[in-house]
Structures are given as structure tokens and as C-alpha cells.
Amino acid sequence: MLGTKIPELMDFPAQVSFKVVGKIEEQIRAGIDKVMADNQVTDFTVESRQSSKGNYVSCSVTLNVKDPAHMEKLYTELSQVESVLMVI
């Protein structure tokens with residue numbers, strides 16, 4: 001996901017935001033909370049928004065990451081949450 005340029009483009013630790021898009025908000029929120037707990041991330045925010053037709057929900061997750069590997073791990077685990085369609 002990250003490629004080799006991320007360490008050159010960002011200084012770590014860094015604040016990042018992931019946009020998690022899916023269908024069932026409760027499953028997505030529970031999955032985000034589990035991923036953060038499993039990775040001992042305690043300081044994060046989640047803002048949710050329904051699509052205009054109500055078919056999808058996007059959750060913006062903002063947190064601090066220690067290094068590129070930490071960022072990659074969180075991205076991968078968020079991508080595997082049930083009912084998540086994509087992580088940006």
C-alpha cells in the first residue's frame with residue numbers, strides 16, 4: 001500500500017486520516033474500535049457520514065502513527081473489517 005516513498009514524504013510520528021467506506025455503520029465502527037484496541041491506539045477520532053442516498057457510510061479515522069510500518073498495519077487491518085468496502 002505505502003510503497004517506498006512514504007518515509008521520504010512524511011515525518012514520523014505523524015497524524016493521519018483513513019477514510020473507511022462500507023455499508024453497515026455499526027459493524028464498521030465496532031471494527032475500527034477493535035483494530036485500534038488491538039494496536040493499543042487510544043487517542044483517535046471517528047467521524048461518520050451517510051452517503052446522499054443512504055446506501056453507504058464513510059468513517060474518517062484520525063490518529064497518530066509511529067512509523068510507516070504502523071501506518072501499513074492499521075491500513076491492512078481496517079481493510080479486513082467486516083462490511084468495509086475500501087480504505088483510503
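Nothing in this text is a laboratory measurement; each read-out follows from the coordinates by a stated rule. In this text the structure is predicted, and so the values were computed from the model without any measurement. Virtual Cβ from ideal backbone geometry, glycine too; neighbours counted across all protein chains shown.
Of the residues making up the range 28-46, those that are β-branched (Val, Ile, Thr) and either farther than 15 Å from residue 17 by Cα or free of Cβ contacts under 8 Å to residues at least 24 places away in the same chain (or both) are 28, 42, 45, 46. For the range 52-88, a tally of residues being free of Cβ contacts under 8 Å to residues at least 12 places away in the same chain and either touching a helix residue (DSSP H, G or I) at 6+ places or on another chain (Cβ under 9 Å) or not in a loop (DSSP other than H, G, I, E, B) (or both) returns 3.
When residue 49 is tested against (1) touching a strand residue (DSSP E or B) at 6+ places or on another chain (Cβ under 8 Å); (2) touching a residue at least 12 places away in the same chain (Cβ under 8 Å), exactly one condition is not met: (2). Scanning the range 15-40 for residues that are over 17 Å from residue 62 (Cβ atoms) and buried (at least 16 other Cβ atoms within 10 Å of the Cβ) yields 22, 25. Taking the condition in a helix (DSSP H, G or I) and in contact with a helix residue (DSSP H, G or I) (Cβ under 6 Å, 6 or more places away or on another chain), does residue 35 pass? When the stated conditions are applied, residue 35 passes them.
For the range 69-86, the criterion of being within 14 Å of the chain's Cα centre (by Cα) and basic (Lys, Arg) is met by at least one residue. Residues being closer than 12 Å to residue 78 by Cβ and of a type in the set (Gly, Ala, Ser): count how many of those fall in the range 31-47. Summing the residues that are closer than 12 Å to residue 78 by Cβ and of a type in the set (Gly, Ala, Ser) in the range 31-47 gives 1.
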